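The values are calculated or read from the model by the stated rules, or taken from the named source; none is laboratory data. Every value quoted in this text rests on a predicted model; they were computed, and no experiment measured them. Please note: Cβ atoms are built from the backbone with ideal geometry, for glycine as well, and neighbour counts cover all protein chains shown. These area figures cover heavy atoms from the full protein model, side chains too; ligands, DNA and RNA do not enter into them. Shrake-Rupley method; radii C 1.70, N 1.55, O 1.52, S 1.80 Å.
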Amino acid sequence: MTRHRDIALFDLDHTLSRSDSFLYYLTGFLLHRPWRIVRCLHLPGVVLLFGTGLIDNARLKELFLRAILGGIRKQDLSSWNQKFLDWFLRRQMRAEGLATLKAHRQAGDTLILLTASPDCYVTELGSRLGFDEVICTQVEWKDDRLSGKLTSANMRGPEKVGALEDIRSRYGHQPVTAYADHRSDLAMLRLADRGVLVNGSPKTKALVQRDKIHTVVWRD
């Protein structure tokens, strides 16, 4: 009897990876091109606005993208991507997360990466990890240069719920196992057939005590 393929849905930052890939991506680029730091002098104020709730996560992301990467050509960013991904995949991935990903691949499951991090590097990262599909935040390019604007919803919180519903409709309602770490992912984990909270904080773990969400610890 042929086994129907299940879907294994993975978050990236602090789930498969032990760190925030977007933060490392931008910081590394500034170290690579330090003269761009002068474009970033206003960013501490931007973080303050976010912390006080005056701007949302999507706007925060746009302002950081524009300051650090705005105007960069695709070819130049592609060159940086190679260096960054070589380092990040070698040094920042959780060993047990990669082992879980490998087990799903060997079982013949459909592998989907679902992350709020932007496509300017996440698409290739997902390809290197062998994902069948990558769903992430999309960035705008104008005349082959990155503008800093987003062209899609910021793929976090309720957007991940919508993405999971779309996946179910497109893949014929196969059972979904979803892995994520953050409180904002809980609605998505509850919607999955099997939700797995990875390395959740004590407060987040407390929120799922009455749910059917599994909790695991993935070591580095």
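Please state which one of Asp181, Asp220, Asp185 is closer than 14 Å to Thr100 by Cα and in contact with a helix residue (DSSP H, G or I) (Cβ under 9 Å, 6 or more places away or on another chain). Full working, then the answer.
Details: Asp181 fails: closer than 14 Å to Thr100 by Cα; Asp185 fails: closer than 14 Å to Thr100 by Cα.
It is Asp220.
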For residues that are crowded, with 17+ Cβ neighbours inside 10 Å and among the basic types (Lys, Arg), tally how many sit in the range 67-108. 1
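Could you say whether any residue in the range 40-62 is over 19 Å from Ala180 (Cα atoms) and of a type in the set (Lys, Arg)? Before you say what the answer is, go through the steps one by one.
As a first pass, look at the range 40-62 and keep what is over 19 Å from Ala180 (Cα atoms): 40-56, 58-62.
Pick out the ones that are also of a type in the set (Lys, Arg) and you get 59, 61.
Yes - at least one qualifying residue is present in the range 40-62.
Residue-wise test of (1) at positive phi; (2) at pLDDT below 95; (3) in contact with a helix residue (DSSP H, G or I) (Cβ under 9 Å, 6 or more places away or on another chain).
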residue	(1), (2), (3)
Asp11	no, no, yes
Phe29	no, no, yes
Pro44	no, no, no
Gly51	no, no, no
Ser78	no, yes, yes
Residue, farthest from His182 (Cα to Cα), within the range 114-145, restricted to residues that are in contact with a strand residue (DSSP E or B) (Cβ under 6 Å, 6 or more places away or on another chain) and open to solvent by 60 Å² or more (accessible area, probe 1.4 Å): Asp144
Please state which one of Leu65, Leu85, Leu77, Leu89 is of a type outside the set (Gly, Ala, Ser), in contact (Cβ under 8 Å) with a residue 40 or more places away in the chain and touching a Pro at 6+ places or on another chain (Cβ under 9 Å). Leu65
